[in-house]
Each structure stands twice: as C-alpha cells, then as structure tokens.
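*Asks:* Starting off with a structure, shown below.
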Amino acid sequence: MNTYTKYWFLEGFNLFNKLGRITMMRMCEILEMKNIDKGTTIQLLTRDQKCIFFLKKGTIKIVDASDENVKYIVKKGNIFGELSLLEEQPTTKEYAIALEDCIICYIEADRMEKIIEKHKSLKNGILKIYGLRIKKLERRLRDLLYKDSTARITDFIVDYINEFGEIEKGKITAKNLLSHKDIANLTNTSRQTVSNVMSTLRKQRIIDYNTQFLSLLK
C-alpha cells in the first residue's frame, strides 16, 4: 500500500488534525495497512510486538481475554490497542474481533511513542480517547448499581443506535452487529433478558430490528 493511500487513511482521524502534512507523510511511511475479514481476531498485546491500531473502515469489539466478555465497541475513525502506550506491563489482556469487514493501519508502539514525544497534541488526543473509555466503563458500573436490567439494556440499545447509526427515512438506523450475548456482557444481564427486553421495545414501537439492522423509532 503506497504512502499516499495511507495518508488518505489517516486524514479521517481527528487525532491527527494538528499534525502537519510532512509529519503525516513520515508517519505513513512506517505504517502497515491491512484488510481484515469479519470474524477475524486481532491480537493487541503479544510478547514479541505491541502495536497501536487505527480503524478506517468497519467496527470491532474489544474482548477481555480473562473472561471472554466484551468491554467496548470501536467504530471507524478511532484507535484501539492504546494500552500498550499507557502501561509498560498492561494489567489486563485484551484482543479485538472484527464485527464486519474492516480496514486498519497499525504501527509499533515503540515507534508511536517517539512520534508522540515530538507532538504534544497527539499525546493529549490519545489520553482523551482513553479517558472517554474509562468514563463509559464508570457509567456501566453506576448503571449496575442504580438501574434495573430493563433500563440498562434499553439505554444501551438507544445509545448504540445513536452512536453507530445514521438517519434514514426519518429514523436512525445502525447495523445490527452485536449478538444478544454481547449486549448481555455490556449490560451485565443475561442473553434471555436481552431477548425479552428487545422484543418488548419492538412491541412498544420504540425500536425495530432484524438480523441486519437496528432502528430507533422514537
């Protein structure tokens, strides 16, 4: 993949808005670009190599290797694998799974650290992304304490459609990429409870869904 194609790839990331063209081109020279098929597992931290990943196309889920539970979802235009920059010896082991066909670029963590040392805006951007993910996890903990399972599932589905969807014919529609087990993991509920709540929401005309799409009707 040539350098100009990689440059086009990085242009869509807010993280790099404050970097100059020359810096971007130099960064592109050391990036690796790859097409990832749906269902492919991406190892984030290995003994031999730690990398930072940039998601240009598609959606992936981050899974905790210790219990196989989904931690969060990453959409296009975002990074993942940033723990290799923030922790020398990460306390949690994670891997990613492509929820649809994806295009990613990746760079070795050591090389990324050298670029970050020269560009404070890049470091601040990565810390902001990590901070937002921590806030989402904190919200899940609060919801677990103060909301029942129906409210947690409903809020998650509405938030998911709003974040990952697009307006079509007067309603917001998102790809139905998550299994009921994934949603159960993300809301600390059971797969059966997820099925029941989603069925109720459809009967109430709050959402509609099929195997491909989820729509918010209200």
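*Asks:* 5 Å is the cut-off here: which amide hydrogens, built 1.01 Å from N in the peptide plane, fall below it relative to N78, excluding neighbours closer than 5 in sequence?
*Replies:* For N78, the qualifying residues are L55.
*Asks:* Through the Karplus equation 6.51 cos²θ - 1.76 cosθ + 1.60, θ set to phi - 60°, convert the phi angles of the range 208-218 into ³J(HN,Hα) values in whole Hz; use x for Gly and Pro.
*Replies:* Each residue's phi maps through the Karplus curve to give 9, 7, 9, 5, 10, 9, 10, 10, 9, 9, 10 Hz.
*Asks:* Using θ = phi - 60° and the Karplus form 6.51 cos²θ - 1.76 cosθ + 1.60, what ³J(HN,Hα) does each residue of the range 98-107 get, whole Hz, x for Gly and Pro?
*Replies:* Those phi angles translate into 6, 7, 7, 4, 10, 10, 10, 10, 8, 9 Hz.
*Asks:* Additional query: Using Cα pairs closer than 8 Å and at least 6 residues apart in sequence, work out the relative contact order for the range 63-136, in percent.
*Replies:* Answer for the range 63-136 is 29 percent.
*Asks:* In deg cm²/dmol, rounded to 500, what helix-only [θ] at 222 nm does the chain give when every DSSP H run of at least 4 residues adds -39500 (n - 2.57) and the total is split over its residues?
*Replies:* -14000 deg cm²/dmol
*Asks:* Leaving ligands, DNA and RNA out of it, report the carbon-plus-sulfur percent of the accessible area of the chain at a 1.4 Å probe.
*Replies:* Summing carbon and sulfur atoms, their accessible area is 48 percent of the total for the chain.
*Asks:* Give me the base-10 log of I(q)/I(0) for the range 105-199 at each q in 0.11, 0.22 Å⁻¹, Debye formula, one uniform scatterer per Cα, rounded to two decimals.
*Replies:* For the range 105-199 at q = 0.11, 0.22 Å⁻¹, log10 I(q)/I(0) is -0.50, -1.07.
*Asks:* Find the relative contact order for the chain and round it to a whole percent, using C-alpha pairs within less than 8 Å whose residues are 6+ positions apart.
*Replies:* Contact order relative to length: 18 percent.
*Asks:* Could you state the accessible area per residue of the range 54-189 in Å², with a 1.4 Å probe and every protein chain left in place?
*Replies:* I get 54 Å² per residue for the range 54-189.
*Asks:* Oh, and also: What is the spin-label model distance, in nm, from L132 to Q204 if the labels are put 7 Å beyond Cα along the C-beta direction?
*Replies:* Using points 7 Å along Cα→Cβ, the separation is 2.9 nm.
*Asks:* Right, here's the next one. If you plug each phi of the range 165-175 into the Karplus form 6.51 cos²θ - 1.76 cosθ + 1.60 with θ = phi - 60°, what whole-Hz ³J(HN,Hα) values come out, in order, with x for Gly and Pro?
*Replies:* Working through the residues one at a time gives x, 9, 6, 9, 6, x, 9, 8, 10, 10, 5 Hz.
*Asks:* For K93, enumerate residues with amide H under 5 Å from its amide H, sequence gap 5+ or separate chain, H modeled in the peptide plane.
*Replies:* Here the answer is A65, S66, since their amide H atoms fall under 5 Å of that of K93.
*Asks:* Return the single residue from G81, G170, G39 with maximal mean-square fluctuation; model: Gaussian network over the chain, springs between Cα atoms under 10 Å.
*Replies:* With Cα springs under 10 Å in the chain, the top fluctuation among G81, G170, G39 is at G170.
The values are calculated or read from the model by the stated rules, or taken from the named source; none is laboratory data. Note that the structure is a prediction, hence the values are computed from the model and not measured. Cβ coordinates were reconstructed from backbone atoms using ideal geometry, including for glycine residues, and neighbour counts include every protein chain displayed. Remember, those area values only see protein heavy atoms, side chains included, never the ligands or the DNA or RNA. Shrake-Rupley method; radii C 1.70, N 1.55, O 1.52, S 1.80 Å.
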